[in-house]
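Step one of this worksheet: look at the structure below.
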Amino acid sequence: MKFFSENFVELRQLYISQLRSLLSAEEQIVRALPTMLEKATDEQLKGAFQSHLQESELHVTRLEQILSAAKSVDPSIESTGPLKNKTLAALVDEAEELIVDAKDLSVRDAALIAAAQRVEHYEIAAYGAVRHFAQILGETAAAEQLDKTIQEEGHADHLLSSIAERVNPNARRAA
């Protein structure tokens, strides 16, 4: 039994670490989206960014609640604050470079969509892994909340894809 118990503790540590990393990612997204919203010219894209900003703020709250609940069950958890997500930091840096490099407004909108979709795909993968950890650990309520976030991230990705179908051909004509 001790072997399983030790692995369970390790998975819980990984689970908490990944939740904290996702918290950092969502906080970075909340800081980056206003700039993306400001730089977008397509009205539907602006609306998608505004909507996702509100969702990301909700995701921050969800993660804080999940982490708080985990700490109340396991007081040995030292911190529930954000743990810097280097992947998101790199994706945000790349998006900022694309904004500067794209001189044509249609090309910039296409670049913003591409950057945002990379973020969405990362989030879907990261949340999927953490949801699975929650399920294995018996954290049913957390798994349900994480699943809601995955669904919202998937919806955002699909919306960006539909906007790209209209915006990207305009960027091609700009070339």
Residues in the range 63-91 that are part of a helix (DSSP H, G or I) and surrounded by 20 or more Cβ atoms within 10 Å (Cβ to Cβ): how many? 5
Taking the range 129-141, which residues are in a helix (DSSP H, G or I) and touching a residue at least 24 places away in the same chain (Cβ under 8 Å)? A129, V130, F133, A134, I136, A141
What single numbered condition from (1) farther than 23 Å from L45 by Cβ; (2) touching a residue at least 12 places away in the same chain (Cβ under 8 Å) fails to hold for A156? (1)
Report, by residue number, each residue of the range 98-131 that is of a type in the set (D, E, K, R) and under 16 Å from E38 (Cβ atoms). R108, D109
Report whether or not K103 is over 18 Å from I29 (Cα atoms), surrounded by 14 or more Cβ atoms within 10 Å (Cβ to Cβ) and among the basic types (K, R). no
Residues satisfying the stated conditions in the range 104-128, i.e. assigned to a helix (DSSP H, G or I), over 17 Å from H52 (Cβ atoms), in contact (Cβ under 8 Å) with a residue 60 or more places away in the chain and touching a helix residue (DSSP H, G or I) at 6+ places or on another chain (Cβ under 7 Å): S106, V107, R108, A110
Conditions (1) aliphatic (A, V, I, L, M); (2) over 21 Å from L33 (Cβ atoms); (3) modelled with pLDDT under 95: number failed by A134: (3)
Being in a helix (DSSP H, G or I) and in contact (Cβ under 8 Å) with a residue 40 or more places away in the chain narrows Q13, Q54, Q50, Q28 down to just Q28
Pick from E43, E123, E57, E26: which is at pLDDT 95 or above, within 18 Å of D157 (Cα to Cα), surrounded by fewer than 21 Cβ atoms within 10 Å (Cβ to Cβ) and within 11 Å of the chain's Cα centre (by Cα)? E57
Filter the range 66-79 down to the residues that are modelled with pLDDT of 95 or more and not small (G, A, S), then identify the one that is farthest from Q145 (Cα to Cα). L67
Residues of the range 60-94 being touching a residue at least 40 places away in the same chain (Cβ under 8 Å), under 12 Å from R20 (Cα atoms) and not polar (S, T, N, Q), which ones? R62, L63, E64, I66, L67, A70, I77, G81, P82, L83, K84
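The values are calculated or read from the model by the stated rules, or taken from the named source; none is laboratory data. Model, not experiment: these values are computed from the prediction. Every residue, glycine among them, receives a Cβ derived from its backbone with ideal geometry; neighbour counts consider all protein chains shown.
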